[in-house]
Amino acid sequence: MSSALAVAPRSTAPATQLPLKEALKMLPYGRPGSPYTHGPVLFKTPDGRMWPYDPVGPQRWKVTNLFSGPSRRGKSVLANTILRGTILSSAAEGADGPKIPLIAKVDIGKSAKGLVVMIQEALPADRKGEAIYVRFDLTTQYAVNIFQTQTGCRAPLELERAFLTSFLSLGLAPLSRERFEGMDMLIMAALTELYRMLGTEGPNLRTKRYEPGLDPAIDVEIAEAELEIIPPNSDPSREVYWWDVVDAFCRRGMYAEADKAQRYAEPILEDLIDAVRNPSIRQRFDRVVPHQKETLCELFERYLLAFIKKYPTLNGPTKVDFGPARIIVLDLEAVAPSGSPENNRQTGLMFMLARHLIGRNFFASGVRRPSAVHGAPLSPPPFHGGL
């Protein structure tokens, strides 16, 4: 009768006390409360109230979100919602005015492609390249040189060196057992020798010579800028190196052009063979014999040649260019297989490579540069393509 229209102004049921189990749910400490009074993301509590959330709120200097749940339950939608909120939050405010914050996402599948398309549609035509979705694969178009350093740097930063050590340790490890004794130490020694050998200081250098015509676009930029490639007070008859071209661009403040030229000055995977053949390295590691008929250095060369054969796109100058992108979504579905030890290792390598490729510049600001830096002062250049 209480539910019939106009029959009774209130419930006709007899009043009774609320069960304690239900009453506790209505007390203030039993209802979710937000630490934020406002935020770019709005959630809804079970009882229907709006719950504001600020992904980069002032209460926290670091935020880590963990989402767990069965497939097709909305984890990716939630993650993309928070990313959208980050773009609309105070993270976009800077000294030079609003700017899209740097966002990098490594994903399996196209779950974040919709977020990129939504951002692109909201940007003017000349800025749509600030948000990109890339389906990464092991083709020449996506060639990556893992030894690439920050613009103008002859040696990697500390975090970059840690990545190289971990990446090579995983790539040169056998599938059937743990890493070889002494391999990690050999990799670190080889990396040090590699960058010294292809630098511009020290004995027995193998610095890469500048070759006109190797990249016509760089030749045009040199001519248009009328660069003085040979540094002042240098012997004008000596060979011209790619590092000379890099330094010349840096002196003009042309960091994007310097970054492109630097791709041809840096070491590649096969250069590690020359580095590990250095007499000082062989003297230290040849006595570490994991097998009866093969030294550690010989084992290193054999595994490295096999690695190059399997991943030839990692043995050359970087071709990947994200341009002015500030939001980068890298889809690894095509290169992250599973089901066997070999596939699992490749998946691990690709995740490490993706994180390095789209996130290494996040940690460059404010980091003390290595001492082996030449050319003009390189207070960190703006984020640009050619990672």
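The values are calculated or read from the model by the stated rules, or taken from the named source; none is laboratory data. All values derive from a computational prediction rather than experimental measurement. Positions of Cβ are generated from backbone atoms using ideal geometry, with glycine treated the same way; all protein chains shown enter the neighbour counts. Accessible surface areas use protein heavy atoms only, side chains included; no ligands, DNA or RNA. Shrake-Rupley method; radii C 1.70, N 1.55, O 1.52, S 1.80 Å.
A few comments on the model shown:
- Per residue, the chain exposes 57 Å² of solvent-accessible protein surface, assessed with a 1.4 angstrom probe and all protein chains in place.
- Within the assembled protein chains, the solvent-accessible surface assigned to Val77 is about 100 Å², based on a 1.4 Å probe.
- Prolate/oblate/rounded label for region 134-198 (Cα gyration tensor, a/c 1.5): oblate
- Under the membrane-span-like helix rule (DSSP H runs whose alpha carbons stretch at least 15 Å along the helix axis, mean Kyte-Doolittle hydropathy 0.5 or higher), the chain yields 75-87, 158-171, 183-197, 296-310.
- Gyration tensor (alpha-carbon) shape descriptor, region 203-245, a/c threshold 1.5: oblate
- Residues in region 46-73 reached by a label modelled at Ser111 [backbone nitrogen below 11 Å; 7 Å Cα→Cβ]: 67-73
- Of the residues Asn233, Val41, Thr86, the one whose Cα sits farthest towards the positive end of the charge dipole of the chain is Val41 (charges of +1 on Lys and Arg Cβ, -1 on Asp and Glu Cβ, taken about the Cα centre).
- Distance between the modelled labels on Ala306 and Asp274, one decimal in nanometres: 2.6 nm (7 Å Cα→Cβ projection).
- Above-threshold pairs, the threshold being 19 Å between Cα atoms, out of Lys62/Lys105; Lys44/Lys99; Lys110/Lys260; Lys75/Lys113; Lys260/Lys319: Lys44/Lys99; Lys110/Lys260
- A simple packing score, the average count of other Cβ atoms within 10 Å per residue, orders the peptides 129-138, 149-158 as 149-158, 129-138, with the highest score first.
- Assuming charge only on the beta carbon of Lys and Arg (+1) and of Asp and Glu (-1), the dipole of the chain about its Cα centre is about 2080 debye to the nearest 20.
- Sequence-distant contacts, meaning Cα pairs under 8 Å at least 6 residues apart, place the relative contact order of the chain at 23 percent.
- Each of Leu170, Leu18, Pro70 was scored by the projection of its Cα onto the charge dipole of the chain, and the greatest displacement toward the positive side belongs to Leu18; charges sit on the C-beta of Lys, Arg, Asp and Glu.
- Under the shape rule built on the C-alpha gyration tensor, where the axes satisfy a ≥ b ≥ c, region 93-251 is oblate, since a/c reaches at least 1.5 while a/b does not exceed b/c.
- Note on the chain: the C-alpha convex hull projects to 30.1 nm² when averaged across all orientations.
- Global dimensions of region 110-166 from alpha-carbon coordinates: Rg and Dmax equal 16.2, 42 Å.
- Helical mean residue ellipticity (222 nm; -39500 (n - 2.57) per DSSP H run of 4+; nearest 500) of the chain: -10500 deg cm²/dmol
- Accessible area (Å², 1.4 Å probe, nearest 10) - Arg345: 50
- Kirkwood Rh in Å, taken over region 34-145 so that all alpha-carbon pairs contribute: 16.3
- Kirkwood radius, region 268-365, all distinct C-alpha pairs, inverse of mean reciprocal distance: 16.3 Å.
- Antiparallel bridge percentage (DSSP; both residues within the chain; nearest 5): 40
- The chain - percent of accessible surface contributed by carbon and sulfur, probe 1.4 Å: 55
- Peptide packing for 94-107, 260-273 was compared via the average number of neighbouring C-beta atoms within 10 Å per residue; ordered from the highest value, the list is 260-273, 94-107.
- Cβ crowding within 10 Å averaged over residues, with 63-76, 318-331 ranked highest first: 318-331, 63-76
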